[in-house]
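Q: Let me begin by handing over the structure; questions about it come next.
Since every read-out is calculated from the coordinates, none of them should be taken as a lab result. What you see is a predicted model; the values in this text were computed from it and never measured. Here Cβ is always computed from backbone atoms with ideal geometry, including for glycine, and neighbour counts include all displayed protein chains.
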């Protein structure tokens, strides 16, 4: 009798709690995405703002030396960080294309040697520092009216793989821009490429 009563109580408890748990799970499934949406949007905008800030030193120098790459200012909507970031990436890449005739192989080799000396060869930060040195020297050459290079630096590793992938391209250019603004590898490379030495001094 006691066992039967115990089973009956368990069955009753289950029949009451199971629907309640089901309703709770359904409610959570419906409300959780809506609750998470503002958080994901906040995190995305924060990442976009950080990316724009990191790119700014490189973009400013590109825009000053190559004003033709800057898209119509009237199109800027300050709150649309995704639009502004996409624009910055396009403009910087246009600048890199415009500087192609000034990409010095000598600077690339000097920066690569310094990267190897610091055991950074083959790393993303090492590749970014080499590219930053090449771009810094190319900007200097353009500004001073130097002749285009005879021996051109090769494109950076992974250029083809990054094409068309905005997030990957953004992460790469952020690394290049940070190196451009702060890496002493750019300065060190100038020992073998004197023209580079005055650019970031």
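Q: Calculated FRET efficiency, residue 94 and residue 39, Cβ-Cβ r, R0 30 Å, to nearest 0.05?
A: It comes to 0.30.
Q: Next question, about the same structure. Suppose a student asked you for the relative contact order of segment 45-198, using Cα pairs under 8 Å spaced at least 6 residues apart; what percent would you report?
A: With pairs under 8 Å counted, the relative contact order is 31 percent.
Q: Gain in length, residue 82 to residue 49, computed as 0.36 nm per residue apart minus the alpha-carbon separation, to one decimal in nm?
A: So the extension gain works out to 11.0 nm.
Q: Based on the Cβ-Cβ distance of residue 60 and residue 125, what FRET efficiency does E = 1/(1 + (r/R0)^6) give at R0 = 25 Å, to the nearest 0.05?
A: 0.70
Q: Arrange 184, 94 by Cβ neighbour counts within 10 Å, fewest through most, would you?
A: Listing 184, 94 from fewest to most nearby Cβ atoms yields 184, 94.
Q: Give the peptides 115-121, 130-136 in descending order of average Cβ contacts within 10 Å, highest first.
A: For the peptides 115-121, 130-136, the packing ranking is 130-136, 115-121.
Q: I would also like to ask the following. Work out how much length residue 151 to residue 163 would gain on full extension: take 0.36 nm times their residue separation and subtract the Cα-Cα distance, in nm to one decimal.
A: Net length gain for the segment: 1.9 nm.
Q: Between residue 70 and residue 181, what is the label-point separation in nm under the 7 Å Cα-to-beta-carbon projection?
A: 1.8
Q: Over the Cα atoms of segment 45-198, what radius of gyration and what Dmax do you get, in Å?
A: Both quantities, over Cα of segment 45-198: 15.2, 47 Å.
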